[in-house]
1. Can you work out the Karplus-derived ³J(HN,Hα) for every residue in the stretch 46-62? Use 6.51 cos²θ - 1.76 cosθ + 1.60 with θ = phi - 60°, whole Hz, and x for glycine or proline.
2. Report the local net charge at K54: Lys and Arg +1, Asp and Glu -1, summed over other residues whose C-beta lies under 15 Å from its C-beta.
3. For the stretch 14-21, what does the Karplus curve 6.51 cos²θ - 1.76 cosθ + 1.60, with θ = phi - 60°, yield as ³J(HN,Hα) per residue in whole Hz, taken in order and with x for Gly and Pro?
4. Looking only at the chain, where both bridge partners belong to it, what percent of the DSSP beta bridges are antiparallel (to the nearest 5)?
5. Number of Lys pairs in the stretch 26-120 with C-alpha atoms less than 21 angstrom apart, excluding same-chain neighbours closer than eight positions?
6. Could you give the length gained by full extension between S64 and K136, i.e. 0.36 nm per residue of separation minus their alpha carbon distance, to one decimal place?
7. Any idea what log10 I(q)/I(0) is at q = 0.16, 0.23, 0.25, 0.27 Å⁻¹ for the stretch 41-103, Debye with uniform C-alpha scatterers and no solvent?
8. Neighbour counts of other C-beta atoms within 10 Å: give me W9, W126 arranged from fewest to most.
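Read-outs: derived from the displayed coordinates by stated rules, not from any lab. It should be emphasised that the depicted structure is a prediction, and the values quoted were computed from it without experimental measurement. Every residue, glycine as well, gets a Cβ built from its backbone with ideal geometry; the counts of neighbours run over all protein chains shown.
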Amino acid sequence: MNAEQYVSWSEIDSLVNTLHDIISKSSRNFSSIATLSRGGLVPSRLLADHLGIKKITVDDKTISSDTLVVDDIFDTGKTFENILSRIDDSSKLIYATLFARRGKKYPSQLIYGKETDGEGYVVFPWDKLEFERNQK
């Protein structure tokens with residue numbers, strides 16, 4: 001069994017700063033951030049503040065190619081594939097995550113703050129109670 005990887009708020013701040021630095025060095029300007037309602041809400045808000053982006057959309061059926069997509073983790077790739085099918089020009093997609101699952105094949109559109117330590121569940125501060133409740 002793989003041990004869980006608990007993430008602190010301090011580490012979240014560091015990873016958001018890393019993503020901000022990567023995005024700021026690119027030539028892309030984004031009009032908004034798109035995310036999914038579960039894991040991506042908090043990182044989207046934090047990254048929006050760093051980038052000066054005022055508009056965050058949640059669970060949109062279609063996503064403009066001038067929108068930065070933000071999630072907490074790239075894991076199985078299912079969420080990425082779901083997002084890919086919603087974007088109007090997938091060649092322009094930038095998919096930013098705090099973590100990327102170590103050992104997975106990453107799409108070229110992915111930028112991430114850090115790889116996971118292993119295969120264990122990554123427990124973010126905003127899903128800690130849900131994770132612990134599901135362990136009972």
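1. Calculated HN-Hα couplings, in order: 5, 5, 4, 4, 5, 8, x, 8, 8, 9, 10, 10, 10, 6, 5, 6, 10 Hz.
2. Counting the neighbours of K54, the net charge comes to 0.
3. 5, 5, 5, 4, 4, 4, 4, 4
4. The answer is about 0 percent antiparallel.
5. For the stretch 26-120, the number of qualifying lysine pairs is 11.
6. Value of the extension gain: 21.8 nm.
7. Once normalised to I(0) and log-transformed, intensities are -0.52, -1.05, -1.20, -1.32.
8. So the ranking, lowest neighbour count to highest, is W9, W126.
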